[in-house]
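A short worksheet on the structure shown next.
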């Protein structure tokens, strides 16, 4: 008889580390339906908490990439939206 972690009581990798992020996102929010595939229909960006509140030295990458989710007017995720993060001179952090 198997029990505990041998029987699957634990996950070996965080879903953010999965190679197939579309599958990871679907499994993370199974009832969200299919994403909108028209980038022109994105009306808002929602912060993804996985990348929040990180510190790093100037010139070094953050441990987890900054993440947002583009959504359409119905709140469905929109796939393929190009998003650029920009630091304005004199500002040393991104704020929400």
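General observations
- Residue check, residue 24 at pLDDT 75 or above and assigned to a helix (DSSP H, G or I): no
- Answer from 46, 81, 58 - the residue that is modelled with pLDDT under 80 and either on the phi < 0 side of the Ramachandran plot or part of a loop (DSSP other than H, G, I, E, B) (or both): 58
The values are calculated or read from the model by the stated rules, or taken from the named source; none is laboratory data. The shown structure was predicted, so the numbers you read here are calculated from the model rather than taken from an experiment.
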